[in-house]
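The values are calculated or read from the model by the stated rules, or taken from the named source; none is laboratory data. This is a predicted model, so every value here is computed, not measured. Neighbour counts run over all protein chains shown; Cβ positions are idealised from the backbone, glycine included. For accessibility, only protein heavy atoms count, side chains too; no ligands or nucleic acids. Shrake-Rupley method; radii C 1.70, N 1.55, O 1.52, S 1.80 Å.
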Amino acid sequence: MARYEMKPAFEARMKKLMPDKEDFEAFSKIVHTGPRNFVRCNTLKISPENLVERLKLKWNVIQPFKEYPEIILINQELGPGEIGNALEHLLGHYYVQEVCSMMSVIALNPKPNEFILDLCASPGSKTTQIAMKMENKGTLIANDVAMGRIAILASNLEKNGVTNAIVTRMDSVNLCTKLENQGMKADKILLDAPCSGEGTLRSSPKTFLMWNEKVVNNLSRQQKKLIAHAIRCLKVGGTLVYSTCTHAPEEDESVIDFALKNFPVKVEHISLPLKCRPGLTEWKTDNYNKEVTKTCRIYPQDNDSEGFFVSKLTLLKEIE
Amino acid sequence: MQINFIKSKEKEKILEELNKQFGINEIPFMLIRGGNEKIRGFSGNLTREQLDKLSQLLRIELIGIYLIKNEHENDFRPSMDGIHLLKNQITKNIIEIDDEQFKSWIRGNDLDIKTEKGTFIISYKGDFIGSGKSNGERIFNYVPKDRRLRK
(Lines give C-alpha, C1' and ligand atoms only; values in the text may rest on other atoms or scores of the structure.)
Protein backbone atom coordinates (compact mmCIF):
# COMPACT_ATOMS: atom_id res chain seq x y z
CA MET A 1 0.00 0.00 0.00
CA ALA A 2 1.30 3.47 -0.89
CA ARG A 3 2.28 5.45 2.17
CA TYR A 4 1.13 9.04 2.35
CA GLU A 5 2.00 11.41 5.17
CA MET A 6 -0.35 13.69 7.06
CA LYS A 7 -0.48 17.28 5.90
CA PRO A 8 0.89 19.60 8.64
CA ALA A 9 -2.50 21.29 9.17
CA PHE A 10 -4.22 17.93 9.47
CA GLU A 11 -1.59 16.66 11.89
CA ALA A 12 -1.97 19.77 14.05
CA ARG A 13 -5.74 19.27 14.22
CA MET A 14 -5.43 15.62 15.12
CA LYS A 15 -2.93 16.46 17.87
CA LYS A 16 -5.44 18.94 19.24
CA LEU A 17 -8.12 16.24 19.21
CA MET A 18 -5.73 13.76 20.82
CA PRO A 19 -3.57 15.82 23.20
CA ASP A 20 -2.10 12.72 24.84
CA LYS A 21 1.17 11.98 23.02
CA GLU A 22 0.81 8.19 23.17
CA ASP A 23 -2.75 8.41 21.95
CA PHE A 24 -1.74 10.45 18.92
CA GLU A 25 1.17 8.10 18.20
CA ALA A 26 -1.22 5.12 18.31
CA PHE A 27 -3.50 6.96 15.88
CA SER A 28 -0.60 7.88 13.54
CA LYS A 29 0.57 4.29 13.52
CA ILE A 30 -2.74 2.57 12.90
CA VAL A 31 -3.88 4.86 10.07
CA HIS A 32 -0.97 3.54 8.02
CA THR A 33 -2.19 -0.05 8.26
CA GLY A 34 -4.95 -1.63 6.19
CA PRO A 35 -8.36 -2.21 7.79
CA ARG A 36 -9.54 -5.57 9.13
CA ASN A 37 -11.95 -7.61 7.03
CA PHE A 38 -15.45 -7.31 8.43
CA VAL A 39 -18.61 -8.55 6.75
CA ARG A 40 -22.23 -8.29 7.81
CA CYS A 41 -24.43 -11.35 7.51
CA ASN A 42 -27.53 -10.55 5.46
CA THR A 43 -30.25 -12.10 7.61
CA LEU A 44 -32.79 -11.52 4.82
CA LYS A 45 -31.08 -14.47 3.10
CA ILE A 46 -29.25 -16.59 5.68
CA SER A 47 -28.85 -16.88 9.44
CA PRO A 48 -25.52 -15.88 11.03
CA GLU A 49 -25.06 -19.48 12.28
CA ASN A 50 -25.44 -20.96 8.80
CA LEU A 51 -23.23 -18.33 7.21
CA VAL A 52 -20.48 -18.78 9.79
CA GLU A 53 -20.63 -22.54 9.26
CA ARG A 54 -20.10 -22.01 5.51
CA LEU A 55 -17.39 -19.38 5.86
CA LYS A 56 -15.46 -21.49 8.38
CA LEU A 57 -14.83 -23.98 5.59
CA LYS A 58 -12.61 -21.42 3.85
CA TRP A 59 -11.59 -18.79 6.40
CA ASN A 60 -10.89 -18.19 10.06
CA VAL A 61 -14.01 -16.26 11.08
CA ILE A 62 -15.17 -14.93 14.42
CA GLN A 63 -18.25 -13.11 15.69
CA PRO A 64 -16.75 -10.49 18.01
CA PHE A 65 -20.02 -9.19 19.49
CA LYS A 66 -22.43 -11.60 21.19
CA GLU A 67 -25.35 -9.18 20.87
CA TYR A 68 -24.72 -8.67 17.16
CA PRO A 69 -24.07 -12.12 15.66
CA GLU A 70 -24.48 -10.67 12.17
CA ILE A 71 -21.11 -8.86 12.54
CA ILE A 72 -18.41 -11.24 11.33
CA LEU A 73 -14.65 -10.70 11.26
CA ILE A 74 -12.53 -12.65 8.81
CA ASN A 75 -9.50 -12.95 10.99
CA GLN A 76 -6.77 -13.66 8.46
CA GLU A 77 -4.96 -12.18 5.48
CA LEU A 78 -6.97 -12.45 2.27
CA GLY A 79 -5.88 -12.42 -1.35
CA PRO A 80 -6.95 -9.55 -3.64
CA GLY A 81 -10.65 -9.86 -4.47
CA GLU A 82 -11.04 -13.00 -2.36
CA ILE A 83 -13.78 -11.61 -0.14
CA GLY A 84 -15.79 -10.26 -3.08
CA ASN A 85 -15.40 -13.34 -5.24
CA ALA A 86 -16.76 -15.88 -2.75
CA LEU A 87 -20.02 -17.57 -3.77
CA GLU A 88 -21.67 -16.37 -0.56
CA HIS A 89 -20.95 -12.79 -1.59
CA LEU A 90 -22.35 -13.29 -5.09
CA LEU A 91 -25.48 -14.78 -3.53
CA GLY A 92 -25.88 -11.76 -1.24
CA HIS A 93 -25.36 -13.77 1.95
CA TYR A 94 -23.04 -11.10 3.28
CA TYR A 95 -22.16 -7.48 2.70
CA VAL A 96 -18.55 -6.32 2.97
CA GLN A 97 -18.82 -3.47 5.45
CA GLU A 98 -16.39 -1.93 7.91
CA VAL A 99 -17.55 -2.38 11.49
CA CYS A 100 -17.78 1.38 12.19
CA SER A 101 -20.12 1.86 9.29
CA MET A 102 -22.54 -0.59 10.92
CA MET A 103 -22.87 1.63 13.99
CA SER A 104 -25.25 4.20 12.43
CA VAL A 105 -27.95 1.59 11.85
CA ILE A 106 -27.40 -0.01 15.25
CA ALA A 107 -28.05 3.47 16.71
CA LEU A 108 -31.10 4.00 14.45
CA ASN A 109 -32.59 0.65 15.56
CA PRO A 110 -35.03 0.19 12.65
CA LYS A 111 -38.13 -1.95 13.22
CA PRO A 112 -40.54 -3.70 10.85
CA ASN A 113 -43.43 -1.58 9.52
CA GLU A 114 -41.76 1.78 10.08
CA PHE A 115 -41.44 4.55 7.48
CA ILE A 116 -37.73 5.29 7.18
CA LEU A 117 -35.68 7.68 5.06
CA ASP A 118 -32.05 7.07 4.15
CA LEU A 119 -31.08 10.42 2.71
CA CYS A 120 -27.58 9.78 1.34
CA ALA A 121 -27.98 6.09 0.64
CA SER A 122 -25.40 5.03 -1.95
CA PRO A 123 -23.63 2.61 -2.11
CA GLY A 124 -26.23 0.96 0.10
CA SER A 125 -24.30 -0.61 2.98
CA LYS A 126 -26.48 1.08 5.58
CA THR A 127 -29.63 0.91 3.42
CA THR A 128 -29.37 -2.88 3.15
CA GLN A 129 -28.68 -3.06 6.89
CA ILE A 130 -31.83 -0.98 7.59
CA ALA A 131 -33.97 -3.21 5.31
CA MET A 132 -32.55 -6.25 7.08
CA LYS A 133 -33.59 -4.88 10.48
CA MET A 134 -37.02 -3.98 9.04
CA GLU A 135 -37.31 -7.58 7.77
CA ASN A 136 -38.42 -6.08 4.43
CA LYS A 137 -41.61 -4.81 6.12
CA GLY A 138 -42.60 -1.15 6.15
CA THR A 139 -41.27 1.37 3.67
CA LEU A 140 -37.72 2.55 3.17
CA ILE A 141 -36.97 5.51 0.91
CA ALA A 142 -33.34 5.30 -0.24
CA ASN A 143 -32.21 8.53 -1.82
CA ASP A 144 -29.08 9.71 -3.54
CA VAL A 145 -28.36 12.51 -5.90
CA ALA A 146 -26.15 11.17 -8.72
CA MET A 147 -27.21 8.66 -11.37
CA GLY A 148 -23.92 6.72 -11.16
CA ARG A 149 -24.35 6.29 -7.43
CA ILE A 150 -27.97 5.21 -7.88
CA ALA A 151 -26.85 2.35 -10.16
CA ILE A 152 -24.50 1.01 -7.45
CA LEU A 153 -27.20 1.42 -4.83
CA ALA A 154 -29.77 -0.43 -6.96
CA SER A 155 -27.36 -3.28 -7.64
CA ASN A 156 -26.63 -3.72 -3.93
CA LEU A 157 -30.31 -3.60 -2.99
CA GLU A 158 -31.09 -6.33 -5.53
CA LYS A 159 -28.19 -8.53 -4.49
CA ASN A 160 -29.22 -8.26 -0.86
CA GLY A 161 -32.85 -9.14 -1.53
CA VAL A 162 -34.29 -5.79 -0.40
CA THR A 163 -37.96 -5.66 -1.44
CA ASN A 164 -39.36 -2.74 0.59
CA ALA A 165 -37.21 0.11 -0.77
CA ILE A 166 -38.15 2.96 -3.06
CA VAL A 167 -35.07 4.46 -4.70
CA THR A 168 -35.23 8.18 -5.42
CA ARG A 169 -32.73 10.45 -7.16
CA MET A 170 -32.97 13.92 -5.71
CA ASP A 171 -31.09 16.50 -3.75
CA SER A 172 -31.88 15.52 -0.13
CA VAL A 173 -32.97 19.07 0.74
CA ASN A 174 -35.48 19.01 -2.10
CA LEU A 175 -36.72 15.54 -1.13
CA CYS A 176 -37.30 16.57 2.49
CA THR A 177 -39.04 19.80 1.45
CA LYS A 178 -41.45 17.93 -0.82
CA LEU A 179 -42.25 15.28 1.79
CA GLU A 180 -42.71 17.91 4.49
CA ASN A 181 -45.06 19.95 2.29
CA GLN A 182 -47.25 16.87 1.87
CA GLY A 183 -47.15 16.12 5.59
CA MET A 184 -45.34 12.83 4.96
CA LYS A 185 -43.20 12.46 8.06
CA ALA A 186 -40.80 9.63 8.82
CA ASP A 187 -40.53 7.49 11.93
CA LYS A 188 -36.78 7.41 11.51
CA ILE A 189 -34.19 9.11 9.32
CA LEU A 190 -30.60 8.22 8.65
CA LEU A 191 -28.44 11.14 7.58
CA ASP A 192 -25.04 9.63 6.90
CA ALA A 193 -23.75 12.89 5.53
CA PRO A 194 -21.17 13.51 2.80
CA CYS A 195 -17.99 14.35 4.72
CA SER A 196 -14.26 14.91 4.50
CA GLY A 197 -13.57 11.23 5.25
CA GLU A 198 -10.87 11.65 7.89
CA GLY A 199 -11.97 8.34 9.37
CA THR A 200 -11.31 6.38 6.19
CA LEU A 201 -7.52 6.77 6.04
CA ARG A 202 -6.91 3.03 6.47
CA SER A 203 -9.06 1.92 3.54
CA SER A 204 -8.57 5.03 1.44
CA PRO A 205 -5.05 6.45 2.05
CA LYS A 206 -5.56 9.03 -0.70
CA THR A 207 -7.62 10.95 1.84
CA PHE A 208 -4.22 12.04 3.25
CA LEU A 209 -3.60 13.88 -0.02
CA MET A 210 -7.10 15.13 -0.69
CA TRP A 211 -7.83 16.57 2.77
CA ASN A 212 -7.96 20.35 3.21
CA GLU A 213 -9.49 22.61 5.80
CA LYS A 214 -11.53 24.63 3.33
CA VAL A 215 -13.42 21.49 2.32
CA VAL A 216 -14.17 20.76 5.98
CA ASN A 217 -15.74 24.20 6.42
CA ASN A 218 -17.74 23.98 3.20
CA LEU A 219 -19.04 20.54 4.13
CA SER A 220 -20.03 21.79 7.58
CA ARG A 221 -22.32 24.40 6.00
CA GLN A 222 -23.83 21.79 3.69
CA GLN A 223 -24.36 19.33 6.56
CA LYS A 224 -26.21 21.96 8.64
CA LYS A 225 -28.53 22.63 5.73
CA LEU A 226 -29.15 18.90 5.33
CA ILE A 227 -29.90 18.28 9.01
CA ALA A 228 -32.24 21.28 9.18
CA HIS A 229 -34.36 19.89 6.36
CA ALA A 230 -34.15 16.32 7.64
CA ILE A 231 -35.49 17.27 11.08
CA ARG A 232 -38.51 18.92 9.46
CA CYS A 233 -39.35 15.56 7.85
CA LEU A 234 -39.43 13.72 11.17
CA LYS A 235 -42.53 12.75 13.17
CA VAL A 236 -42.72 14.10 16.71
CA GLY A 237 -40.97 11.46 18.82
CA GLY A 238 -39.12 10.24 15.73
CA THR A 239 -35.42 9.46 15.59
CA LEU A 240 -32.73 10.99 13.41
CA VAL A 241 -29.28 9.47 13.32
CA TYR A 242 -26.60 11.80 12.03
CA SER A 243 -23.28 10.15 11.25
CA THR A 244 -20.09 10.87 9.37
CA CYS A 245 -16.81 9.09 8.74
CA THR A 246 -14.78 12.07 9.85
CA HIS A 247 -13.22 13.35 13.07
CA ALA A 248 -13.63 17.05 12.19
CA PRO A 249 -15.73 18.73 14.93
CA GLU A 250 -16.99 21.25 12.36
CA GLU A 251 -18.74 18.32 10.62
CA ASP A 252 -19.74 16.49 13.79
CA GLU A 253 -20.49 18.25 17.10
CA SER A 254 -20.92 21.63 15.42
CA VAL A 255 -23.76 20.19 13.30
CA ILE A 256 -25.47 18.70 16.37
CA ASP A 257 -24.99 21.96 18.28
CA PHE A 258 -26.64 23.77 15.34
CA ALA A 259 -29.61 21.36 15.51
CA LEU A 260 -29.97 21.90 19.27
CA LYS A 261 -29.91 25.68 18.84
CA ASN A 262 -32.54 25.75 16.10
CA PHE A 263 -34.93 22.84 16.67
CA PRO A 264 -36.79 21.19 19.55
CA VAL A 265 -34.57 18.11 19.61
CA LYS A 266 -32.67 16.26 22.29
CA VAL A 267 -29.56 14.14 21.98
CA GLU A 268 -29.99 10.52 23.06
CA HIS A 269 -27.40 8.26 24.70
CA ILE A 270 -26.26 5.52 22.33
CA SER A 271 -25.09 2.08 23.31
CA LEU A 272 -22.72 0.67 20.70
CA PRO A 273 -20.49 -2.40 20.73
CA LEU A 274 -17.37 -0.29 20.06
CA LYS A 275 -15.39 1.98 22.36
CA CYS A 276 -16.76 5.52 21.98
CA ARG A 277 -15.35 8.78 23.25
CA PRO A 278 -17.82 11.54 24.18
CA GLY A 279 -18.42 14.41 21.78
CA LEU A 280 -16.36 17.55 22.29
CA THR A 281 -17.82 20.70 23.86
CA GLU A 282 -15.07 23.01 22.64
CA TRP A 283 -13.20 23.37 19.39
CA LYS A 284 -11.08 26.31 18.36
CA THR A 285 -13.10 29.35 19.47
CA ASP A 286 -16.47 27.55 19.56
CA ASN A 287 -18.29 26.22 22.58
CA TYR A 288 -20.98 23.61 22.01
CA ASN A 289 -24.07 22.65 24.00
CA LYS A 290 -23.08 20.15 26.75
CA GLU A 291 -25.63 17.71 25.29
CA VAL A 292 -23.18 16.89 22.51
CA THR A 293 -21.15 14.83 24.98
CA LYS A 294 -23.79 12.12 24.38
CA THR A 295 -22.58 11.72 20.80
CA CYS A 296 -19.98 9.08 19.94
CA ARG A 297 -16.51 9.59 18.53
CA ILE A 298 -15.02 6.34 17.32
CA TYR A 299 -11.25 6.39 16.89
CA PRO A 300 -9.26 3.79 14.92
CA GLN A 301 -6.73 3.21 17.70
CA ASP A 302 -9.47 2.35 20.22
CA ASN A 303 -11.12 -0.42 18.21
CA ASP A 304 -8.66 -1.41 15.46
CA SER A 305 -11.27 0.01 13.08
CA GLU A 306 -11.80 3.04 10.87
CA GLY A 307 -12.87 6.36 12.44
CA PHE A 308 -16.50 7.45 12.76
CA PHE A 309 -18.98 9.78 14.45
CA VAL A 310 -22.53 8.82 15.44
CA SER A 311 -25.27 10.85 17.08
CA LYS A 312 -28.95 10.24 17.73
CA LEU A 313 -31.60 12.93 18.02
CA THR A 314 -35.29 12.81 18.98
CA LEU A 315 -37.78 15.44 17.84
CA LEU A 316 -39.64 16.59 20.97
CA LYS A 317 -42.52 18.62 19.52
CA GLU A 318 -43.91 20.10 16.31
CA ILE A 319 -41.62 22.67 14.71
CA GLU A 320 -43.17 26.14 14.66
CA MET B 1 -42.42 8.19 -12.92
CA GLN B 2 -45.73 6.61 -13.88
CA ILE B 3 -46.14 3.42 -11.84
CA ASN B 4 -47.58 0.59 -13.89
CA PHE B 5 -49.24 -1.67 -11.32
CA ILE B 6 -50.05 -5.20 -12.36
CA LYS B 7 -53.70 -5.93 -11.68
CA SER B 8 -54.75 -8.94 -9.64
CA LYS B 9 -56.13 -10.85 -12.65
CA GLU B 10 -52.84 -10.49 -14.49
CA LYS B 11 -50.96 -11.45 -11.34
CA GLU B 12 -53.06 -14.62 -11.19
CA LYS B 13 -52.08 -15.45 -14.78
CA ILE B 14 -48.40 -14.89 -14.02
CA LEU B 15 -48.67 -17.09 -10.95
CA GLU B 16 -50.41 -19.79 -12.97
CA GLU B 17 -47.51 -19.87 -15.44
CA LEU B 18 -44.87 -19.80 -12.69
CA ASN B 19 -46.71 -22.63 -11.00
CA LYS B 20 -46.69 -24.68 -14.21
CA GLN B 21 -43.01 -24.01 -14.81
CA PHE B 22 -41.53 -24.08 -11.30
CA GLY B 23 -44.21 -25.05 -8.80
CA ILE B 24 -44.45 -21.52 -7.37
CA ASN B 25 -47.84 -20.97 -5.74
CA GLU B 26 -47.56 -17.57 -4.08
CA ILE B 27 -46.01 -14.20 -4.97
CA PRO B 28 -46.16 -12.24 -1.71
CA PHE B 29 -45.50 -8.87 -3.34
CA MET B 30 -47.28 -5.99 -5.04
CA LEU B 31 -46.24 -6.39 -8.69
CA ILE B 32 -45.13 -3.47 -10.83
CA ARG B 33 -44.21 -3.52 -14.50
CA GLY B 34 -40.82 -1.92 -15.11
CA GLY B 35 -38.87 -1.32 -18.32
CA ASN B 36 -37.53 -4.11 -20.58
CA GLU B 37 -40.42 -6.43 -19.69
CA LYS B 38 -39.17 -6.69 -16.13
CA ILE B 39 -41.68 -7.28 -13.35
CA ARG B 40 -40.74 -5.89 -9.95
CA GLY B 41 -42.03 -6.90 -6.51
CA PHE B 42 -42.61 -4.48 -3.64
CA SER B 43 -43.21 -5.55 -0.04
CA GLY B 44 -43.53 -2.07 1.48
CA ASN B 45 -46.68 -1.07 3.36
CA LEU B 46 -47.78 1.81 1.10
CA THR B 47 -51.02 1.48 -0.87
CA ARG B 48 -51.20 2.01 -4.63
CA GLU B 49 -52.72 5.42 -4.01
CA GLN B 50 -49.89 6.40 -1.68
CA LEU B 51 -47.31 5.16 -4.18
CA ASP B 52 -49.01 7.12 -6.97
CA LYS B 53 -48.96 10.25 -4.82
CA LEU B 54 -45.32 9.68 -4.01
CA SER B 55 -44.45 9.21 -7.67
CA GLN B 56 -45.93 12.62 -8.50
CA LEU B 57 -43.93 14.18 -5.72
CA LEU B 58 -40.52 12.52 -5.97
CA ARG B 59 -38.18 11.44 -8.73
CA ILE B 60 -38.52 7.70 -8.24
CA GLU B 61 -35.95 5.53 -10.02
CA LEU B 62 -36.94 2.10 -8.75
CA ILE B 63 -39.48 0.40 -6.54
CA GLY B 64 -38.86 -2.95 -4.90
CA ILE B 65 -36.87 -5.70 -6.56
CA TYR B 66 -36.59 -7.17 -10.07
CA LEU B 67 -38.44 -10.49 -9.72
CA ILE B 68 -39.42 -11.88 -13.10
CA LYS B 69 -38.80 -11.23 -16.79
CA ASN B 70 -41.77 -11.58 -19.08
CA GLU B 71 -39.83 -12.96 -22.08
CA HIS B 72 -42.81 -13.69 -24.34
CA GLU B 73 -46.51 -14.19 -23.82
CA ASN B 74 -46.93 -16.77 -21.05
CA ASP B 75 -43.18 -17.16 -20.73
CA PHE B 76 -41.77 -15.93 -17.43
CA ARG B 77 -38.18 -16.26 -16.25
CA PRO B 78 -37.45 -15.49 -12.57
CA SER B 79 -34.45 -13.23 -11.98
CA MET B 80 -31.54 -14.42 -9.85
CA ASP B 81 -32.92 -12.51 -6.86
CA GLY B 82 -36.49 -13.53 -7.63
CA ILE B 83 -35.33 -17.13 -7.41
CA HIS B 84 -33.77 -16.47 -4.01
CA LEU B 85 -36.95 -14.86 -2.72
CA LEU B 86 -39.18 -17.68 -3.98
CA LYS B 87 -36.71 -20.54 -3.47
CA ASN B 88 -38.75 -22.39 -0.87
CA GLN B 89 -41.55 -22.80 -3.42
CA ILE B 90 -39.44 -23.88 -6.41
CA THR B 91 -39.88 -27.60 -6.99
CA LYS B 92 -39.81 -28.07 -10.78
CA ASN B 93 -37.36 -27.58 -13.64
CA ILE B 94 -34.29 -27.56 -11.44
CA ILE B 95 -30.98 -28.71 -12.91
CA GLU B 96 -28.27 -29.75 -10.47
CA ILE B 97 -24.75 -29.05 -11.72
CA ASP B 98 -21.38 -30.45 -10.65
CA ASP B 99 -18.18 -28.66 -9.59
CA GLU B 100 -16.79 -28.23 -13.11
CA GLN B 101 -20.10 -26.99 -14.53
CA PHE B 102 -20.43 -24.60 -11.59
CA LYS B 103 -16.98 -23.07 -12.23
CA SER B 104 -17.98 -22.41 -15.82
CA TRP B 105 -21.56 -21.24 -15.12
CA ILE B 106 -20.63 -18.72 -12.41
CA ARG B 107 -18.19 -17.12 -14.85
CA GLY B 108 -21.03 -16.48 -17.27
CA ASN B 109 -20.60 -19.42 -19.64
CA ASP B 110 -23.42 -21.48 -21.11
CA LEU B 111 -23.81 -25.14 -20.17
CA ASP B 112 -23.64 -27.94 -22.72
CA ILE B 113 -26.45 -29.97 -21.24
CA LYS B 114 -29.05 -31.70 -23.37
CA THR B 115 -32.50 -31.26 -21.95
CA GLU B 116 -36.00 -30.22 -22.95
CA LYS B 117 -36.46 -26.70 -24.29
CA GLY B 118 -37.50 -24.13 -21.70
CA THR B 119 -36.35 -22.22 -18.64
CA PHE B 120 -34.48 -23.96 -15.83
CA ILE B 121 -33.28 -23.05 -12.36
CA ILE B 122 -29.63 -23.94 -11.84
CA SER B 123 -28.73 -25.48 -8.51
CA TYR B 124 -25.30 -26.18 -7.04
CA LYS B 125 -24.97 -27.97 -3.70
CA GLY B 126 -28.32 -26.60 -2.54
CA ASP B 127 -27.80 -22.99 -3.70
CA PHE B 128 -29.88 -21.64 -6.58
CA ILE B 129 -27.48 -19.74 -8.82
CA GLY B 130 -29.70 -18.18 -11.42
CA SER B 131 -31.76 -19.37 -14.32
CA GLY B 132 -30.99 -20.42 -17.87
CA LYS B 133 -32.87 -21.07 -21.08
CA SER B 134 -32.37 -24.26 -22.99
CA ASN B 135 -32.68 -24.76 -26.75
CA GLY B 136 -32.48 -28.51 -26.22
CA GLU B 137 -28.71 -28.72 -26.73
CA ARG B 138 -27.39 -25.94 -24.52
CA ILE B 139 -28.50 -23.89 -21.51
CA PHE B 140 -27.90 -20.19 -22.03
CA ASN B 141 -26.56 -18.27 -19.06
CA TYR B 142 -28.61 -15.45 -17.50
CA VAL B 143 -26.46 -14.77 -14.43
CA PRO B 144 -26.19 -10.96 -14.27
CA LYS B 145 -22.72 -9.64 -15.07
CA ASP B 146 -22.20 -8.12 -11.65
CA ARG B 147 -22.95 -11.48 -10.01
CA ARG B 148 -20.42 -13.49 -11.96
CA LEU B 149 -16.98 -14.51 -10.78
CA ARG B 150 -14.31 -12.52 -12.51
CA LYS B 151 -12.45 -14.64 -15.05
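Taking the C-alpha atoms only, the angle from helix B:8-22 to the longest principal axis of chain B is near 10 degrees. Taking a straight line from the alpha carbon of A:LYS66, these aspartates and glutamates sit under 14 Å away, with near neighbours fewer than eight places off in the same chain left out: A:GLU49.
Set the bar at 21 Å for Cα to Cα. Now go through A:LYS56/A:LYS275; A:LYS261/A:LYS317; A:LYS133/A:LYS294; A:LYS137/A:LYS188 and name every pair that lies beyond it.
As for pairs spanning more than 21 Å Cα to Cα, those are A:LYS56/A:LYS275; A:LYS133/A:LYS294.
Placing +1 on each Lys and Arg Cβ and -1 on each Asp and Glu Cβ, with no other charges, gives the stretch A:126-273 a dipole about its Cα centre of roughly 340 debye. Residues whose amide H falls under 5 Å from that of B:ARG107, counting only those 5 or more places apart or on a different chain, are B:LEU149, with hydrogens built in the peptide plane. The mean sequence separation of alpha-carbon pairs under 8 Å and at least six residues apart, normalised by the residue count of chain A, gives a relative contact order of 18 percent. For the stretch A:147-160, 3J(HN,Hα) computed residue by residue from phi via the Karplus equation (6.51, -1.76, 1.60; θ = phi - 60°) reads 4, x, 6, 5, 4, 5, 4, 4, 4, 5, 5, 5, 4, 8 Hz, glycine and proline entered as x.
Scalar couplings 3J(HN,Hα) for the stretch A:12-21, obtained by applying the Karplus form with A = 6.51, B = -1.76, C = 1.60 to θ = phi - 60°, are 4, 5, 5, 5, 5, 6, 10, x, 6, 4 Hz; x denotes Gly and Pro. On the basis of the beta-carbon distance and an R0 of 41 Å, B:ASN135 and A:GLU49 show a calculated FRET efficiency of 0.50. Just the protein heavy atoms count here, and of the accessible area of the stretch A:138-251 at 1.4 Å, carbon and sulfur take up 53 percent. In peptide B:51-61, how many Cβ atoms from other protein chains are near each Cβ within 10 Å, on average? If you average over the peptide's residues, the count of other-chain Cβ atoms is 6.
List the relative contact order of chain B as a percent without decimals, with contacts defined as Cα pairs under 8 Å and 6+ residues apart.
18
Counting Cβ atoms of other protein chains within 10 Å of each Cβ in A:301-310 and taking the mean gives 0.
Quick one: accessible surface of A:MET184, probe radius 1.4 Å, all protein chains present, in square angstrom to the nearest 10. Taking all protein chains as shown, A:MET184 has close to 30 Å². When only the Cβ of Lys, Arg, Asp and Glu is charged (+1, +1, -1, -1), the dipole of the stretch A:17-74 relative to its Cα centre reaches about 400 debye. In a simple Cβ point-charge model (Lys, Arg +1; Asp, Glu -1; nothing else charged), chain A has a dipole of about 360 debye relative to its Cα centre.
Using a 10 Å cut-off on Cβ to Cβ distances, tally the other chain neighbours for every residue of A:88-94 and report the average as a whole number.
4
Taken as Cα centroids, the stretch B:43-73 and the stretch A:4-47 sit 41 Å apart, rounded to the nearest whole angstrom. Looking at the stretch A:10-60, none of the GluC sites (Glu not before Pro) sits in a DSSP loop with at most 16 other Cβ atoms within 10 Å of its own Cβ. For the stretch B:1-103, applying the loop criterion from DSSP together with a ceiling of 16 other beta carbons within 10 Å to the GluC sites (Glu not before Pro) yields B:GLU26, B:GLU37, B:GLU73.
Annotation for the B:A interface, with buried accessible surface near 2900 Å², both sides summed [1.4 Å probe; non-protein components not counted]. Size descriptors for the stretch A:226-299, from the alpha-carbon set: Rg then Dmax equal 12.1, 35 Å.
On the beta carbon distance between A:LYS266 and A:ASN217, with R0 = 30 Å, the FRET formula returns roughly 0.65.
Once backbone amide H atoms are built at 1.01 Å from N, A:LYS137 has A:ASN113 as its partners under 5 Å, excluding neighbours fewer than 5 places away on the same chain.
Mean residue ellipticity at 222 nm, helices only, chain B: -7500 deg cm²/dmol; runs of at least 4 DSSP H residues each add -39,500 (n - 2.57), and the sum is divided by the number of residues. For the stretch A:209-222, putting each phi into the Karplus relation 6.51 cos²θ - 1.76 cosθ + 1.60 with θ = phi - 60° gives couplings of 7, 7, 4, 7, 5, 4, 4, 4, 5, 5, 5, 4, 5, 5 Hz, in residue order, rounded to whole numbers and with x for Gly and Pro. For chain A, set up a Gaussian network in which alpha carbons nearer than 10 Å are linked by springs, and say which option among A:GLU268, A:GLU291, A:GLU158 fluctuates the most. Of A:GLU268, A:GLU291, A:GLU158, the most mobile in the Gaussian network model is A:GLU158.
Counting only trypsin sites (Lys or Arg not before Pro) that are in a DSSP loop and have at most 11 other C-beta atoms within 10 Å, tell me the longest site-free stretch of chain A. Intermediate results must be reported in sequence, preceding the final value.
Details: sites that count: A:ARG3, A:LYS56, A:LYS66, A:LYS284, A:LYS317.
Here the longest segment lacking exposed loop sites spans A:67-283.
A Förster radius of 41 Å combined with the Cβ-Cβ distance from A:GLU318 to B:LYS38 puts the calculated FRET efficiency at roughly 0.45. Got a sec? Charge dipole of the protein assembly as shown, +1 on Cβ for Lys and Arg, -1 for Asp and Glu; which of A:TYR299, B:ASN88, B:PRO78 is way out at the positive end? Checking the options against the dipole of the protein assembly as shown, the answer is B:PRO78.
Amide H contacts of A:TRP211: none lie under 5 Å away among residues 5 or more positions distant or on a separate chain (H built 1.01 Å from N in the peptide plane; Pro and chain starts excluded). Measuring between their Cα centroids, the stretch A:256-320 and the stretch B:118-136 lie 50 Å from each other. Taking Cα atoms only, the orientation of helix B:48-57 departs from the longest principal axis of chain B by about 80 degrees.
Residues with beta-carbon under 11 Å from that of A:LYS294, excluding A:LYS294: net charge, scoring Lys, Arg +1 and Asp, Glu -1? Walk me through the intermediate numbers first.
Details: positive: A:LYS266, A:LYS290, A:LYS312; negative: A:GLU253, A:GLU268, A:GLU291.
Net charge around A:LYS294: 0.
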